[in-house]
Amino acid sequence: MSYPPVVLDRPRRTPLLASLILLALFGAIAAAVASDWSWAADIDTEGRSLRSWADDQGWLADPLRWIEIAFGTVGMTIASTLLALALLVKGHRRAGILVAVVMATTALATYGGKVLVGRGRPVWQDPEYFLHSGAFPSGHTSSTAAFAGLVILLATMLVRRPTIRRLIGSLAVLVFLVVAADRVLLGRHYPSDVVGGTLLGAGLLLLGVALYSPLP
């Protein structure tokens, strides 16, 4: 099987360098959050106004909650497992392993970040199903960023028609943006939590590609 010329054909130092940059930025934001730096606090206060706006839009309450449930730990674990198994059944063993390893590593790294930073949730979060676990980084965002990146990677690798690849990529990015917005609009996370989760998920995806190519 021939694959389209994509980033996978480039030297591994390209995704490795990109992953190191993203993970370094994640570390910088984590340090800023843990140390209560003023610039991070100023940005995060915008989350209150966004939460207030969402609260005024009565029709948003149920969709935001549905998104929260669908892309939570259970939902993303099921989606990741099904994707990995489908790839293995289709004979794409390396791609299936990459999906499983990246998603598991992202979950563990997210949990570790929450423990190390120890940041509480915003006081303005939606009182329904009030969350008390660590806020930084956002687990919904990190897992969705990693998963969306994997979907784009696999589509680029396995789908021959450019229009279909672009459609899949656009849908993956759209889903990620919706989930990221959901975390702030529900008040579950500060904006910096969402940015941190994005950097962590994307960084670990690129690190996985650099260390273990999904190509046969």
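The residues of the range 38-89 expose, per residue, 65 Å² of accessible area to a 1.4 Å probe.
Note on the chain: helix-only mean residue ellipticity at 222 nm, from DSSP H runs of 4+ residues weighted -39500 (n - 2.57) and normalised by residue number, equals -24500 deg cm²/dmol. Compared with the dominant principal axis of the Cα atoms in the chain, helix 191-211 is inclined by about 20°.
Using 0.36 nm per residue and subtracting the Cα-Cα separation, the extra length available between residue 170 and residue 48 on full extension is 41.0 nm.
Taking the Kirkwood radius as Rh and the Cα radius of gyration as Rg, the range 92-216 has a ratio of Rg/Rh equal to 1.03.
Length, then width, then depth: along the principal axes, the Cα atoms of the range 26-91 run 51, 37, 15 Å. For the chain, the longest principal axis of the Cα atoms and the long axis of helix 93-117 meet at an angle of about 20 degrees. Largest accessible area first, the listed residues 56, 193, 126 line up as 56, 126, 193 when surface is computed with a 1.4 Å probe on the assembled protein chains. Relative intensity of the chain on a log10 scale, I(q)/I(0) at q = 0.12 Å⁻¹, equals -0.64, per a Debye sum over C-alpha point scatterers of equal strength in the absence of solvent. Computed from Cα positions, the angle between helix 162-185 and the longest principal axis of the chain comes to roughly 20 degrees. Each 5 Å bin from zero holds the following percent of Cα-Cα pairs in the range 143-216: 3, 16, 22, 21, 17, 11, 6, 3, 0. Per atom type, the range 16-126 shows carbon and sulfur on 70% of its accessible surface, probed at 1.4 Å. Rolling a 1.4 Å probe over the protein chains gives residue 195 an accessible area of about 70 Å².
The values are calculated or read from the model by the stated rules, or taken from the named source; none is laboratory data. Given the structure is predicted, the values throughout are model-derived calculations rather than measurements. Just so you know, the surface numbers come from the protein's heavy atoms only, side chains and all, with ligands and any DNA or RNA stripped out. Shrake-Rupley method; radii C 1.70, N 1.55, O 1.52, S 1.80 Å.
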